[in-house]
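Where a number appears in this text, it was derived from the coordinates with a stated rule and is not lab data. Predicted model, so just to flag it, every value in this text is computed and none were measured. Here the Cβ positions follow ideal geometry from the backbone for every residue, glycine too, while neighbour counts run over all protein chains shown.
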Amino acid sequence: MRYAIISDIHANLAAFTAVLDDIERRGGVGKMWCLGDVVGYGPDPHECIELLCQTNHVCVAGNHDWAAIGKVDTAEFNPDAAAACRWTAQQLSAADVEYLGNLPLLIQEDDFTLVHGSPREPIWEYLISTGIAKENFACFKSPFCLVGHSHVPLVFSYSESGTCSAGQFPSNVKLALGKNRLIINPGGVGQPRDGDPRASYAIYDSKTGQVRLYRVSYNIRSTQDRMVERGLPMRLVARLSYGM
Ligand code: ZN
């Protein structure tokens, strides 16, 4: 079975649509694993939830998903993120609110644990250093864990001898799953932050035991125009151009 691993769509319908088209072009998948933050920042929260719900998928809760429905506090958000969150809350239908409210913190499927931030602190923790990663390897039981939240494609590896290392997750390179336990971040669909503005996602093939990252160009300008029309913060509009 093939699975698409997507995270941090962030209400960017143009990016999400481009990723779904890319998945189809590559032969499609049986299921989508979504690592949260479907909404927040971007101009099309309702449309992104609606489109995700048309796919065979599971999704965990992200901080923006729960903040948009008041389930977590926005006190830790910067002013731009908080403003986008207030706007997002006004765009959601009753069904959207119910969908976001029912998202679980953690999902276990196949050999993978799925969370948004980290297995230790699924909503808020950023898994961006080997020190934090090492502590988190003790917080899930499956061989592999998938995380989002930082919007940066990364792979943390934990060897049988207890060494933890971090590496970039370059696109178009087959990552073979082996003995080492791994924490994998597929990057962000709707707001990449690794300096590459293209949408980022991965495909896992359970038959070959390989995960591969893909980058997808999309019409960034159309998303930015929609954000400006909706009065979303200019800093959030600008950062899409740089992937930061
Ligand atoms: Zn996010």
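Brief remarks follow.
- Separation between Cα centres of segment 185-200 and segment 153-167, rounded to whole Å: 21
- Helical content of the chain, expressed as a calculated mean residue ellipticity at 222 nm, amounts to -9000 deg cm²/dmol (DSSP H runs of 4 or more residues, -39,500 (n - 2.57) each, divided by residue number, nearest 500).
- Relative exposure of S206, S200, judged by other C-beta atoms within 10 Å (fewest first): S206, S200
- Loop-located trypsin sites (Lys or Arg not before Pro) in segment 1-87 whose Cβ has at most 14 other Cβ within 10 Å (DSSP): R26
- Taking 27 Å as the straight-line reach from the Cα of K31, the lysines in range (excluding those fewer than 8 positions away in the same chain) are K141, K174, K179, K207.
- Considering the chain at the alpha-carbon level, its Rg and Dmax are found to be 16.7, 54 Å.
- Here segment 153-244 was treated as a single set of alpha-carbon atoms; its pair distances binned every 10 Å from 0 give 16, 38, 25, 15, 6, 0 percent.
- Evaluating 6.51 cos²θ - 1.76 cosθ + 1.60 at θ = phi - 60° for every residue in segment 166-180, the Karplus couplings come out as 10, x, 5, 10, x, 6, 6, 10, 6, 9, 7, 7, x, 6, 5 Hz, glycine and proline recorded as x.
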